[in-house]
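The values are calculated or read from the model by the stated rules, or taken from the named source; none is laboratory data. None of these values were measured; they are calculated from a predicted model. Methodologically, a virtual Cβ is constructed for each residue, glycine included, from the backbone with ideal geometry; neighbour enumeration extends over all protein chains shown.
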Amino acid sequence: MMEIAWIVPLFPLFSFFFLLAVGKKMKETSAYVGILMTLLSFLLSLAVLFDRLGGSTYKAEHVWLTIGSVKLTAGFAVTALNAWMLVVVSLVSFLVHIYSKGYMHGDERFSVFYAYLGLFTFAMLGLVLSPNLLQTYVFWELVGLGSFLLIGFYFYKEEAKAAAKKAFIMTRIGDVGFFIGMILLFWQVGSFAYDDIFRAAEDGTLSQTMVTLTAILIFIGAVGKSGQFPLHTWLPDAMEGPTPVSALIHAATMVAAGVYLVAALFPLYEASETAMLTVAVVGGFTALFAATIGLVQTDIKRVLAYSTVSQLGYMMLALGSGSYVAGIFHLTTHAFFKALLFLAAGSVIHAVHTQDIEKMGGLWRKMPLTGPLFLIGTLAISGVPLFSGFFSKDEILVAAWTHGHVALFWIAVVTAFFTAFYMFRLFFLVFGGEKRHDEKDVHEAPAVMTLPMIVLAVLAVAAGYVHTPWFGTFLGDWLTDGAYAHETAPGWIMAVATAVSLLGIFLAWLMYGKRSLARDWLSSRVPYTYSLLWNKYYIDELYMRTVGYAATAISLLLSYIDRFVVEGIARLIAATVHTSASLGSRMQNGQVQMYGAVTFVGLALLVVILAFTGGYL
Amino acid sequence: MSSVSLSVYLVLALILFCIGLYGALTKRNTVIVLICIELMLNAVNINLVAFAKYGAHPGITGQIFALFTITVAAAEAAVGLAALMALYRNRKTVHIDEIDSLKH
Amino acid sequence: MSGEYLAFLALALVAITGGVLMLNLTKVVHMVIALVFTFISIAGLYVLLSAEFVAVVQVLIYSGAVTIMMLFGIMLTRHQEEEGEKTTTGGFWRKALTAIAVFAFGIAVYLGVYRLDFGEEGARLHENNTEQIGMALYSHYTIPFEIASVILLVALVGAIILAKKDDEGAPKS
């Protein structure tokens, strides 16, 4: 089956083109096209995965471009990582396709939405199949395009438009880093293929400085895509898109592309201590940073968005700590439970038509399915034992500890505490307490919406068991081809992780569930910290005041230069041509004297030149 | 020795030539244009005769040339005037700026 | 200051004055008359240059024949000229440009000729000038002389044909 893995991305691509062509006529039936195509993708991915479980890496490449002596190849590779990502992406995409049928019901541009989803899924699947950097970059940009289109799906809303632009520009800043890194690698190695790059990094063709430089440059790309500090600001704003999009793109798949990129280039990063440290520090800082912001936000999707940023930071921390497996493992579990959380949030929004958690509450009884499903996701992300998040987070903590990043380890622990706290704050505010919204007829979502959630909930619990210290580390063994050595971590790490998450839950319960603690007992004590968090550390404002204003000033300057200098030159040229043309045509007036005069003026000019230069001009 | 040298004659001829040229290029009446051309030819004649006396090889040849020039100039004036007559019959004008059939 | 020099100055002055008057007068007939002065003073210059025969020819042909012919031309083509009618063509810029070009051309040529002096003088030219010309013309320059007569004949015939009223055939315009 691995030989035909390249077909996997083609199904959604077909869906995209097909819906683009005839979607207008099909209206909501276009959902079935999308669902069917992603289902085929998913089934084929599964088949590829099972094939890969027993087999070895399959790689097919063809020469795509020949420039001089340089041959650029294109193809696909089925490594363990690729096969795994293929399944995760196609599964989440498939479920989101189903879910969207209910969520987007009645939207005028229903088929367009499905077409965009198809485009995005194609790009994402293509991205994970790419065997070289160039191809990765192409799909990387396509993924960005899909994200842009879907964030701006409600383009008649100013916020959505701005958010789409912001996402595109912020990720583009990262992409520039990625691009420069990629070109540097090509310059040094002479090939875009991952294998060649790893070989060069290993045998010293690449100098140590160059390895560090390129690794960090490519990491900048990952920072942009995965919403890591300082390029994270686009991700919360991207929540202006439809909620299924948030689930698919801004939680499960695209933002994980950055993590995937670092994982795919892991040997390159391993060759440089500095690069690894950079990844770990950025990841750890982002995890804590985003978690603190998440503590005080009141928009349900924004809380989830900051939680996503925080969890992505976790993954980066894992990768930076040298635990490739932990990063991918957390990526997988996070994809499931975060998609679940977003879909459940979408279900809630669908029911009460608001995103403000202050206006929700008391939904537990009204939504008998969504409530428990959301709870499962919350438990998973909080790292409560036996749920998937517990195992993956534990793996990351162990990796940070054994790798000697003590400070980062404690940062991760504190982040875990915050995560548990704000997730349960969210849960209690939305589902607990009494009703605070004015929606009369709150009803459970239709089956097309709950069904994918149920599947994801099952996965959110079960996905953890592919890699546990208790029952065996299947995923790790397989991803590393059996070379995985689970470091015997001190048992207390697991205990600490459990304790902090339970503590966070308990505190949230005290404040928002039981309300024995006033909600503002802490925020009233540290008002400045609260407003700092509420305003997301003023990062957006900071960017606006510095980069934004600087860019505006430069643009103004350039626009004036354009208006007066460039256009002036253009006008001058046009006027010159025009004048000489009219002058020339005025000379052709048929009068002999005019012709004689012109001829003589020319002759006089020649004579004068000759007289004053002696003929040597 | 004469105090009038060659260059003085040449400069005089140059001035007359320039006057004739300017007139030929700007005058409106075709007859005047023709006569201006005669003036230019006269300026040339002065040169020829001056060279005949003060040139590198003084001799009668310059004067002979001047005579030929006068002959040809007279013929030119006659033909030019005849052409002018024909033109006047057809266009009822002697103004050179109204004769612009070259444009078409 | 020799007498020859004075004579030259006077003749040159008359010649240039005639030319300038030709440029500045408004009536066509006056212009032609002004040029007669120039032609006659040029004849005088020829005398100064020991070319008596050429001077006589100049007076006969230019001051006499050509000028009279031109006056006839003017009279034959005369139409109702209004007072203050333009005597020149083109606008100010064209005239200015032409003047500048003529002036520049004059300066350039002047730079070439104002020091020109070969230091020789044909001292014997005035002795039996007509005879010398006749000898040269009928011995050394016979063929050009004949050709010149042919040219005159052609010009004569051509002028008659051109000026002849072609009533027959062509419709009157």
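Kindly establish whether A:Ala380 is closer than 21 Å to A:Val458 by Cβ and either under 24 Å from the mean Cα position of the chain (by Cα) or assigned by the TED database to the domain that holds A:Pro490 (or both). Show your work before the answer.
Details: closer than 21 Å to A:Val458 by Cβ: yes; either under 24 Å from the mean Cα position of the chain (by Cα) or assigned by the TED database to the domain that holds A:Pro490 (or both): yes.
So A:Ala380 fits the description; yes.
Filtered by the rule that a residue be within 10 Å of another protein chain (Cβ to nearest Cβ) and in contact with a Phe, Trp or Tyr (Cβ under 6 Å, 6 or more places away or on another chain), the range C:5-23 gives a lone residue, C:Gly18. Count of the range B:10-33 residues, restricted to those that are in contact (Cβ under 8 Å) with a residue 40 or more places away in the chain and either more than 7 Å from chain C (Cβ to nearest Cβ) or assigned to a strand (DSSP E or B) (or both), is 4. Is the range A:237-255 home to any residue that is modelled with pLDDT under 85 and farther than 21 Å from A:Phe113 by Cβ? The answer is no, given that none of the residues of the range A:237-255 is modelled with pLDDT under 85 and farther than 21 Å from A:Phe113 by Cβ. State whether the residues of the range A:323-337 include one that is under 26 Å from A:Val442 (Cβ atoms) and touching a strand residue (DSSP E or B) at 6+ places or on another chain (Cβ under 7 Å). Within the range A:323-337 (the criterion being under 26 Å from A:Val442 (Cβ atoms) and touching a strand residue (DSSP E or B) at 6+ places or on another chain (Cβ under 7 Å)), the answer is no, since none of the residues qualifies.
The residues on offer are C:Ile160, C:Ile133, and the sole one that is touching a residue at least 12 places away in the same chain (Cβ under 8 Å), surrounded by 11 or more Cβ atoms within 10 Å (Cβ to Cβ) and not in a loop (DSSP other than H, G, I, E, B) is C:Ile133. Condition first: over 29 Å from A:Ala115 (Cβ atoms), assigned to a helix (DSSP H, G or I) and in contact (Cβ under 8 Å) with a residue 60 or more places away in the chain. Now tell me which residues in the range A:28-69 satisfy that. Passing the criteria: only A:Leu53.
One residue stands out in the range A:116-154 among those that are among the β-branched types (Val, Ile, Thr) and crowded, with 24+ Cβ neighbours inside 10 Å: the one that is nearest to A:Lys225 (Cα to Cα), namely A:Val143.
Each row is one residue, and each column tells you yes or no for (1) within 14 Å of chain A (Cβ to nearest Cβ); (2) surrounded by fewer than 18 Cβ atoms within 10 Å (Cβ to Cβ); (3) within 18 Å of the chain's Cα centre (by Cα); (4) among the charged types (D, E, K, R).
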position	(1), (2), (3), (4)
B:Pro58	no, no, no, no
B:Ile64	no, no, yes, no
B:Ala75	no, no, yes, no
B:Ala78	no, no, yes, no
B:Leu84	yes, no, yes, no
B:Asn90	no, yes, no, no
B:His104	yes, yes, no, no
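For A:Met239, indicate whether it is touching a strand residue (DSSP E or B) at 6+ places or on another chain (Cβ under 8 Å) and closer than 30 Å to A:Ala445 by Cα. Here the answer is yes, as A:Met239 does meet what is asked.
Residue count for the range C:116-159, restricted to those that are of a type in the set (A, V, I, L, M), closer than 23 Å to B:Asn47 by Cβ and at the interface with another protein chain (Cβ under 7 Å from one of its Cβ atoms): 7.
Output the residue which, of all residues in the range B:34-56 that are over 25 Å from A:Gly596 (Cα atoms) and at the interface with chain C (Cβ under 7 Å from one of its Cβ atoms), is surrounded by the most Cβ atoms within 10 Å (Cβ to Cβ). Among them, the one singled out is B:Val49. Residue under question is A:Thr171, and the condition is that it be modelled with pLDDT under 90 and either acidic (Asp, Glu) or touching a Ser or Thr at 6+ places or on another chain (Cβ under 7 Å) (or both); does it hold? Here the answer is no, as A:Thr171 does not meet what is asked. Among the candidates A:Leu319, A:Leu343, the residue that is in a helix (DSSP H, G or I), modelled with pLDDT of 85 or more and under 23 Å from A:Ala280 (Cα atoms) is uniquely A:Leu319. When each of B:Ile15, B:Ile32, B:Ile70 is tested for being of a type in the set (Val, Ile, Thr), within 17 Å of the chain's Cα centre (by Cα) and either at pLDDT below 85 or farther than 30 Å from C:Gly158 by Cβ (or both), the lone residue that passes is B:Ile15. I'd like to know if the range C:26-37 contains one or more residues that are assigned to a helix (DSSP H, G or I), among the aromatic types (Phe, Trp, Tyr) and crowded, with 21+ Cβ neighbours inside 10 Å. The answer is no; no qualifying residue exists.
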